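To start, the structure itself, in structure tokens.
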Amino acid sequence: DCGRLPVEALADILVGERGDNQRGQLATVYLKDPASLPRELQARLVERIAHRSGPRILAGCANPAADMRVGRLLEDLHAALATLVIEVPPLRERRDDLAFLVERLLERVPRKEGTLAWKVAPAAWDVLQRYAWPGNLRELADALTQACRHATAEAIDAAGLPSSIRLAVQT
């Protein structure tokens, strides 16, 4: 997470200040929000990528065009990272995937002793389908986990969903 890790640690990982990359210790690095990197480090990273030294880099950017417009992301770094772009639309634009995602996410939530697979009551489904999901998959996973904690049986009801979600749907 480029916005949360110390710059010195990122520099060591990305441009091998201590030589870790030359010894082949990192094969692939995923950068979350590379626009958060200091511009100097972005420029050094572009140089590394151009010389094909260091780890393979994958990056996740919410809006690289906007980041370049305001000067947070170097155009050269974007060009170097954008050799293959996979765009994943936000959850609000993939309503058909909601049932599948809910089912898979509920498989990960531990069940109370003696309960079968988690189910979603019709009223809860209505709320889940009407909500805009600005936090995307992470928000959905957190909401389902919270709802399972509050469930009295194996079915999740609307009352168990986070109040912020229920209130947003009511208005």
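The order of the peptides 1-7, 164-170 by mean Cβ neighbours within 10 Å, most packed first, is 164-170, 1-7.
For the pair Ser53 and Arg104, a Förster radius of 45 Å applied to the C-beta separation gives a FRET efficiency near 0.70, rounded to the nearest 0.05. Note down the net charge around Gly71, summing +1 for each Lys or Arg and -1 for each Asp or Glu among other residues with Cβ under 14 Å from its Cβ. Net charge around Gly71: -1. Note on surface exposure: Ser163, Ser36 rank Ser163, Ser36 by accessible area, highest first, 1.4 Å probe.
Amide H to amide H, with H built 1.01 Å from N, Leu31 comes under 5 Å of Leu58, Ala59, Gly60, counting only residues 5 or more places away or on other chains. Computed with every protein chain present, the accessible area of Leu137 is close to 80 Å² [probe 1.4 Å].
Between Ala153 and Leu5, the modelled label-to-label distance comes to 4.8 nm, taking each label 7 Å out from Cα in the direction of the beta carbon.
The trypsin sites (Lys or Arg not before Pro) of segment 45-92 that DSSP puts in a loop, and whose beta carbon has at most 10 other beta carbons within 10 Å, are Arg52. The loop-placed GluC sites (Glu not before Pro) in segment 83-113, going by DSSP, that have at most 12 neighbouring Cβ atoms within 10 Å of their Cβ come out as Glu87, Glu113. Over 21 Å, how big is the tail of the calculated P(r) for the chain, in percent of all Cα pairs? When every Cα pair of the chain is considered, 59 percent fall beyond 21 Å.
Calculated translational diffusion coefficient of segment 84-171 (25 °C, 0.890 mPa s; Stokes-Einstein with Kirkwood radius over alpha-carbon pairs) equals 183 µm²/s. Helical runs (DSSP H, four residues minimum) scored at -39500 (n - 2.57) apiece and divided by the length of the chain put the mean residue ellipticity at 222 nm at -13000 deg cm²/dmol. For Asp76 and Asp97, a Förster radius of 35 Å and the Cβ-Cβ distance give a FRET efficiency of 0.50, rounded to the nearest 0.05. Could you give the Stokes-Einstein D for segment 60-106 in µm² per second, using the C-alpha Kirkwood radius, 25 °C, 0.890 mPa s? Estimated via Stokes-Einstein, D reaches 190 µm²/s.
Taking 0.36 nm per residue of separation and subtracting the Cα-Cα distance, full extension of the segment from Tyr30 to Asp126 would add 31.0 nm.
The trypsin sites (Lys or Arg not before Pro) found in segment 107-152 that occupy coil by DSSP, while having at most 15 further C-beta atoms within 10 Å, are Arg111, Lys112.
The values are calculated or read from the model by the stated rules, or taken from the named source; none is laboratory data. Everything quoted here is computed from the prediction, not taken from an experiment. Cβ sites come from the backbone with ideal geometry, for glycine too, and all protein chains shown count toward neighbours. Note: accessible area is taken over every heavy atom of the protein model, side chains too, but ligands, DNA and RNA are not part of it. Shrake-Rupley method; radii C 1.70, N 1.55, O 1.52, S 1.80 Å.
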